[in-house]
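A.B. asks: Please find one structure pasted underneath; my questions will follow.
The values are calculated or read from the model by the stated rules, or taken from the named source; none is laboratory data. Source: prediction; values computed, not measured. For neighbour counting, all protein chains shown are included, and Cβ atoms are generated from backbone atoms with ideal geometry for every residue, glycine included.
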Amino acid sequence: MDLGPFLLLASLEGLVQAAVLSLAALGLCLVFGVLRVVNVAHGEFYMLGAVIAWWISYALFSHPLSGFVAALIVAPVLVGGVALASERLVLRRIGHNPEATIVATIGMLYVIQQGVLILFGPDARSIEPPFYFRIDFPWFGYSGYKLSVILMALGLLSVLWYVISRTRLGLVMRATQLDREMAQAFGIPVDRVYGTVFAVGAMLAAVAAVLIAPIRQVHYLMGLDPLLMSFIVVIIGGLGSIRGTLFAALLIGMSDGIISMFFSPTLAKMVSTLLVALVLIFRPEGLFGRREP
Amino acid sequence: MSRTTNRQTDLKKRSTLKKFAAAAGVAVSAQINPAMIGYVQGSDRPIRVGMQLHRTGIGASYGRWYERAAVAAVDLINREGGINGRPVELVIEDDGTDPKRGAEVIEKFATQHQTDVAYGTLFSHVVIGSSPRAGELKLPYYVVSEGYHVASGSLNRYVFQPGITDVRSQVSSMAPWVASNLGKKITMIFPDYAFGHDHRDYFSSAIAAQGGEVLELIPIPPTESSFTRYFPKIPRETEVLYHVLVGPGVLTFVKEMGQYFGSGDRPQIFGFIDSLEAVDFSTPQLEFLEGTHFWEGYPRYAQPGQSEHDRFYRDKVGVDQNGASVNDPKDISTYSHMFGCWETLFIIKQAMEMSGYSGPADRPALIEATESLTEFPESRNHPQGRKIFNGRIHQCFGSQHISRVEGGRLDVVHTTSIEDGLYEPEADYTRMAL
């Protein structure tokens, strides 16, 4: 294949990756930014979103489009509910202590993963895309649904940006992130904000999974890869920085797409983890993070 | 006063609870393991076959069918008098398709369950991870794995593969047909671990012997979930795209391959059915496979002139004429592999009866008896077809099939002879100490 089409395909693959990654990583970033909790179970919320999407489209709807739309609404809500419950029952009881929450979320990872294994089974299952058409470029064909994933992710990111920067909920979240005690002194119900943000973080992972599920397959072990990639993105972007996370998701998604194609996917993973190491050494607060005083 | 009474009631409750718990514990352990009780009673204890099963992890769809085939075979053996007059009991442990867990399962069989043999696993990394432990514990280990690792001599005297032909033999026997019917310039897509490396090494040399060449090797890491990025590496002058993949991502792989080629020109496609084991051919987006070819170890769709043995085997395992479960037409079997589980159990039976096996002390005799086997004629016990067995390399050799996708089903277009797949043995396990 010539360089031009090759680059086009690599960029498309990179953009799809970046779109989904930015949603999942933003969830992780929000949770860390506001709660200071490193959520190791984040990938399992992603997996749970995909499993619920499969269940909805398989069991409740015969048409893939209606199943997809329902999944896009129901899956995040259910996953958010699970996250809210686990925040109330687990994280709050250990006072959101940074070390304890890491161990607690590792526990949640296993509980969710094994729970899904028991209920959903060990098989990989596929979801039909809500619509399927193939765009035939002169050099290769590409799934139209994949392109629409990029657009849908952009739409969802705009909504998220609006919520965070223009609404009261966003204001309260940002205030809690900046200074928890001061926010509390101003009458912000910090505990409730914590619960909400943890749920929203998980919902973002679930939405990302609903978008990707018709492209990939739903499997109880599918949460591990996005967890690793989200951590890479959040560390490079700067823990807690939304702008940084979006930038890093684009950077990692595109470099993953392009390096994987021109060289090898293993090299792409090596480059992104090397980038993490370099960032941690030379700019531990991340590319866009604020240095702690 | 009332406080004391309360405390007494509490204590009573607690001790009652304890008793309940103890009783429940006994009941549960008896339920899980009734044969432990039989074992204590002495010589009429059942023959215990420890089945290392991919019940979870990336091999789960194979595991589900391996279990059904094994359970059906054990059931048949028991109804016909068992082995040496003793019933056979299958003790199943999940290995999670994980080599570390696999080795632990072997230990469990040897020490806790005290099984007579271990049996059944598929994925090459689990076999390679478990074999050393089976050798150390001197536990005969009959695998249904396909990989060349048994025949290569890299394992040990306790590991056998008598029920399924190895990859080296499979690919060597089919290379001449591929070269003369599909093309000689090949690009290979294969999983980047032992099983895939067997394909890479032995198909490359077999096709070279036919005057063909492999233009490009495209290894895919085992945890990969997205595949489009690999397809641009397929050189334009490729005549045949050879693909083999296993794991939860296989359907995505095949769909993305269809998207990539679109409606434009594409090379001939020759795949191992592994890429679509347990997958329904009527799944949307698989239409492009029409006219492509697949290796099949044992044809999924019943063929014209179906043997009575195949009919019998399908009936016992619960597979319909299209290779799906009789209970659920969407539950597709791993037909090209699971027959190995069925056949291997009858080989264990044959070897145990030849050696007069009565307990773990007779394991060396069992090993020697298995090594002395030379041929398995096509029969109810060997429905896939006649096989010959080489006791020196612990490996059997059978016929392979090449099928073409026609109208959403697979029709056999070529069947190799056993001799097509024979190669010069590179090892001799019989020289190793028992």
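A.B. asks: Tally time: how many residues in the stretch B:216-239 are part of a helix (DSSP H, G or I) and of a type in the set (Ser, Thr, Tyr)?
C.D. replies: Kept after step one, since they are part of a helix (DSSP H, G or I), are these residues of the stretch B:216-239: B:228-233.
Among the residues that remain, those that are also of a type in the set (Ser, Thr, Tyr) are: B:228, B:230.
The qualifying residues number 2.
A.B. asks: So for the stretch A:271-282 (the condition being at pLDDT below 90, crowded, with 16+ Cβ neighbours inside 10 Å, in contact with a helix residue (DSSP H, G or I) (Cβ under 7 Å, 6 or more places away or on another chain) and in a helix (DSSP H, G or I)), does at least one residue qualify?
C.D. replies: Initially, the stretch A:271-282 is screened for residues at pLDDT below 90, giving none.
No, because not a single residue in the stretch A:271-282 is at pLDDT below 90, crowded, with 16+ Cβ neighbours inside 10 Å, in contact with a helix residue (DSSP H, G or I) (Cβ under 7 Å, 6 or more places away or on another chain) and in a helix (DSSP H, G or I).
A.B. asks: Within the stretch B:238-272, how many residues are buried (at least 23 other Cβ atoms within 10 Å of the Cβ), of a type in the set (A, V, I, L, M) and more than 13 Å from chain A (Cβ to nearest Cβ)?
C.D. replies: Within the stretch B:238-272, residues that are buried (at least 23 other Cβ atoms within 10 Å of the Cβ), of a type in the set (A, V, I, L, M) and more than 13 Å from chain A (Cβ to nearest Cβ) number 3.
A.B. asks: Further question: Examine the stretch B:320-331 for a residue that is outside any loop (DSSP other than H, G, I, E, B) and in contact with a Gly (Cβ under 9 Å, 6 or more places away or on another chain), and state whether such a residue exists.
C.D. replies: Here is the first cut: in the stretch B:320-331, the residues outside any loop (DSSP other than H, G, I, E, B) are B:324-325.
From what's left, in contact with a Gly (Cβ under 9 Å, 6 or more places away or on another chain): B:325.
Taking every residue of the stretch B:320-331 in turn, at least one turns out to be outside any loop (DSSP other than H, G, I, E, B) and in contact with a Gly (Cβ under 9 Å, 6 or more places away or on another chain).
A.B. asks: In the stretch B:230-252, which residues are under 30 Å from the mean Cα position of the chain (by Cα) and free of Cβ contacts under 8 Å to residues at least 40 places away in the same chain?
C.D. replies: B:231, B:249, B:250, B:251, B:252
A.B. asks: Is at least one residue of the stretch A:95-113 within 14 Å of chain B (Cβ to nearest Cβ), under 23 Å from residue A:222 (Cβ atoms) and buried (at least 18 other Cβ atoms within 10 Å of the Cβ)?
C.D. replies: There is at least one residue in the stretch A:95-113 that is within 14 Å of chain B (Cβ to nearest Cβ), under 23 Å from residue A:222 (Cβ atoms) and buried (at least 18 other Cβ atoms within 10 Å of the Cβ).
A.B. asks: Looking at residue B:202, is it within 21 Å of residue B:148 (Cα to Cα), touching a helix residue (DSSP H, G or I) at 6+ places or on another chain (Cβ under 8 Å), surrounded by fewer than 20 Cβ atoms within 10 Å (Cβ to Cβ) and not charged (D, E, K, R)? Break it down into steps so the answer makes sense when it comes.
C.D. replies: Values: within 21 Å of residue B:148 (Cα to Cα): yes; touching a helix residue (DSSP H, G or I) at 6+ places or on another chain (Cβ under 8 Å): yes; surrounded by fewer than 20 Cβ atoms within 10 Å (Cβ to Cβ): no; not charged (D, E, K, R): yes.
No: the conditions fail for residue B:202.
A.B. asks: Go through (1) surrounded by fewer than 24 Cβ atoms within 10 Å (Cβ to Cβ); (2) within 20 Å of residue B:277 (Cβ to Cβ) and name the single condition residue B:111 misses.
C.D. replies: With (1) surrounded by fewer than 24 Cβ atoms within 10 Å (Cβ to Cβ); (2) within 20 Å of residue B:277 (Cβ to Cβ) applied to residue B:111, the lone miss is (2).
A.B. asks: Return the residue satisfying two criteria in turn: it lies in the stretch B:210-228 and is within 19 Å of residue B:240 (Cα to Cα) and surrounded by 21 or more Cβ atoms within 10 Å (Cβ to Cβ), and of such residues it is farthest from the other protein chains (Cβ to nearest Cβ).
C.D. replies: Just the residues of the stretch B:210-228 that are within 19 Å of residue B:240 (Cα to Cα), to begin with: B:210-220, B:227-228.
Retained after the next criterion (residues that are surrounded by 21 or more Cβ atoms within 10 Å (Cβ to Cβ)): B:212, B:220, B:227-228.
On the way: B:212: 23, B:220: 8, B:227: 10, B:228: 6 Å.
Among those that are within 19 Å of residue B:240 (Cα to Cα) and surrounded by 21 or more Cβ atoms within 10 Å (Cβ to Cβ), it is B:212.
A.B. asks: Does residue B:203 satisfy the criteria of being of a type outside the set (Val, Ile, Thr) and modelled with pLDDT under 95?
C.D. replies: Working: of a type outside the set (Val, Ile, Thr): yes; modelled with pLDDT under 95: no.
No: the conditions fail for residue B:203.
A.B. asks: Quick test for you: out of A:213, A:208, A:268, pick the one residue that is within 14 Å of another protein chain (Cβ to nearest Cβ) and free of Cβ contacts under 8 Å to residues at least 24 places away in the same chain. I'd like the intermediate steps shown before the answer.
C.D. replies: On the way: A:213 fails: free of Cβ contacts under 8 Å to residues at least 24 places away in the same chain; A:208 fails: free of Cβ contacts under 8 Å to residues at least 24 places away in the same chain.
Sole residue among the options that is within 14 Å of another protein chain (Cβ to nearest Cβ) and free of Cβ contacts under 8 Å to residues at least 24 places away in the same chain: A:268.
A.B. asks: Can you tell me which residue is surrounded by the fewest Cβ atoms within 10 Å (Cβ to Cβ) among those in the stretch B:56-91 that are away from chain A (no Cβ under 14 Å) and of a type in the set (Val, Ile, Thr)?
C.D. replies: B:71
A.B. asks: Let me ask something additional. Quick one: which residue in A:125, A:134 is touching a helix residue (DSSP H, G or I) at 6+ places or on another chain (Cβ under 9 Å), free of Cβ contacts under 8 Å to residues at least 24 places away in the same chain, surrounded by 14 or more Cβ atoms within 10 Å (Cβ to Cβ) and of a type outside the set (Ser, Thr, Tyr)? It would help to see each step written out before you state the result.
C.D. replies: On the way: A:125 fails: free of Cβ contacts under 8 Å to residues at least 24 places away in the same chain.
Going through A:125, A:134 in turn, the sole match is A:134.
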